[in-house]
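Notes follow the structure.
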Amino acid sequence: MTVLILTCEQDVTADMVVAELDGTGVPVVRLDPADLPGGVALSGEYVHGVFQGHLSAYGRIVSMSGLRSVWVRRPGLPASRVAEPSAWLTEEARQAFYGMLRSTDARWMNHPDAARRARHKPWQLHLAQRSRLPVPATLVTTFPQAARGFAERFPDLVVKPVSGAHPQEPPMAVPTSRVAPGTDFSAVAYGPTLLQRRVAKRADIRLTCVGDRIFTARKAVTPDADPDEVDVRFAGGSEPWRPVEAPPRVAAAVRTYLRDAELAYGAFDFAEDADGIWWFLECNQSGQFGFIEMDTGLPIARAVAEWLAADTVPAAPGTSGNGAGRSRVRAGEGRGHEDA
């Protein structure tokens with residue numbers, strides 16, 4: 001039984017998981033839907049109530065009935081590498097490819113439907129509140145007057161994109177930025193704007209959840225840090241990420257969040273304030289973890305590989321440590337490659 005990894009060619013995070021799977025003898029096929037049609041081909045037959053499908057990836061053929069699990073990591077847009085790409089061909093290829101994969105019994109990390117819903121940042125904030133995670137006061141609006149009123153109530157604000165990366169090629173990360181005092185907010189009328197109370201943080205927290213297993217890392221903010229550098233991805237400083245334990249209440253809320261979001265994987269970002277409160281910022285359903293593993297040694301790639309390779313994912317009530325509660329794997333057998 002084969003693990004299918006959906007991702008682009010240059011993906012170090014996926015490389016780490018492939019190495020772990022190779023080490024256990026579990027068959028792996030890695031492909032990019034951008035190569036369909038071309039280096040990737042497919043065929044599916046629905047006859048007499050039975051579905052039979054096959055994928056060909058760069059010369060290797062795999063039966064869809066033989067898929068153990070599918071990791072939707074960072075796949076390209078289907079049919080985007082053909083000689084004459086078109087929106088019509090992309091939609092045809094997308095529906096054929098993902099529609100056939102939905103016809104299998106493979107387990108998903110994460111299912112495309114759940115992943116698409118999970119990208120909606122306003123929904124993330126609602127789900128975090130419902131899961132009892134602290135959420136900074138936030139406004140999403142196209143009303144300039146609403147933005148001005150929000151700024152009067154919360155004078156220290158940041159602005160961030162609602163959707164994440166800018167859709168250029170390659171995608172460009174848009175940093176969270178501090179809102180200058182006296183901002184007019186007239187431009188809010190030209191597009192949805194997300195304003196959020198700035199958390200005066202003493203550390204950034206990255207919590208990675210794989211199934212029921214939680215891996216947490218903390219990056220302290222240096223005393224001389226520029227207060228305008230609010231986005232950890234672009235901030236200076238040489239502090240490394242260090243492993244920490246998630247507070248039990250946070251761990252329980254994160255598991256509730258993933259359960260309600262129907263996700264098997266999530267990378268959570270928190271800002272820790274001076275009182276030690278972890279404020280929820282976002283959950284990236286396909287977030288990077290390689291940089292965390294390299295700094296801390298936390299075995300996240302192994303945990304992802306074990307989840308993908310397991311026949312089933314046994315429940316691990318109470319598992320909140322950074323290395324406990326691994327899934328059982330039988331090497332070489334089992335059931336069943338669409339952001340930091």
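The values are calculated or read from the model by the stated rules, or taken from the named source; none is laboratory data. All values reported here derive from a predicted model rather than from experimental measurement. With ideal geometry, Cβ positions are generated from the backbone for all residues, glycine too; neighbour counts draw on all protein chains shown. Just the protein is used for accessible areas: all its heavy atoms, side chains included, with ligands, DNA and RNA removed. Shrake-Rupley method; radii C 1.70, N 1.55, O 1.52, S 1.80 Å.
A few remarks follow.
- When VAL26 is tested against (1) open to solvent by 30 Å² or more (accessible area, probe 1.4 Å); (2) assigned to a loop (DSSP other than H, G, I, E, B); (3) touching a helix residue (DSSP H, G or I) at 6+ places or on another chain (Cβ under 7 Å), only condition (1) is not met.
- Evaluated against (1) touching a strand residue (DSSP E or B) at 6+ places or on another chain (Cβ under 9 Å); (2) under 19 Å from ASN284 (Cα atoms), HIS120 falls short on exactly one condition, (1).
- Hits in the stretch 253-270 - residues which are open to solvent by 10 Å² or more (accessible area, probe 1.4 Å), touching a strand residue (DSSP E or B) at 6+ places or on another chain (Cβ under 8 Å) and more than 16 Å from TRP71 (Cα to Cα): ARG255, ASP269
- Checked against (1) within 30 Å of MET294 (Cβ to Cβ); (2) under 24 Å from the mean Cα position of the chain (by Cα), ALA79 passes all but a single condition, namely (1).
- In this structure, VAL70 does satisfy being of a type in the set (A, V, I, L, M), under 22 Å from CYS209 (Cα atoms) and surrounded by 21 or more Cβ atoms within 10 Å (Cβ to Cβ).
- Residue within the stretch 189-209 that is modelled with pLDDT of 90 or more, of a type in the set (Phe, Trp, Tyr) and surrounded by 15 or more Cβ atoms within 10 Å (Cβ to Cβ) present: no
- Verdict on TRP123 being of a type in the set (Phe, Trp, Tyr), assigned to a helix (DSSP H, G or I) and touching a helix residue (DSSP H, G or I) at 6+ places or on another chain (Cβ under 9 Å): yes
- Evaluated against (1) open to solvent by 50 Å² or more (accessible area, probe 1.4 Å); (2) in a loop (DSSP other than H, G, I, E, B); (3) not acidic (Asp, Glu), GLN95 falls short on exactly one condition, (2).
- Whichever residue in the stretch 294-329 is among the acidic types (Asp, Glu) and surrounded by fewer than 21 Cβ atoms within 10 Å (Cβ to Cβ) and, among such residues, is modelled with the highest pLDDT: ASP295
- Hits in the stretch 29-49 (condition: over 17 Å from ALA96 (Cα atoms) and either aliphatic (A, V, I, L, M) or not in a loop (DSSP other than H, G, I, E, B) (or both)): VAL29, ARG30
- Verdict on ASP228 being open to solvent by 40 Å² or more (accessible area, probe 1.4 Å), in a loop (DSSP other than H, G, I, E, B) and at pLDDT 95 or above: no
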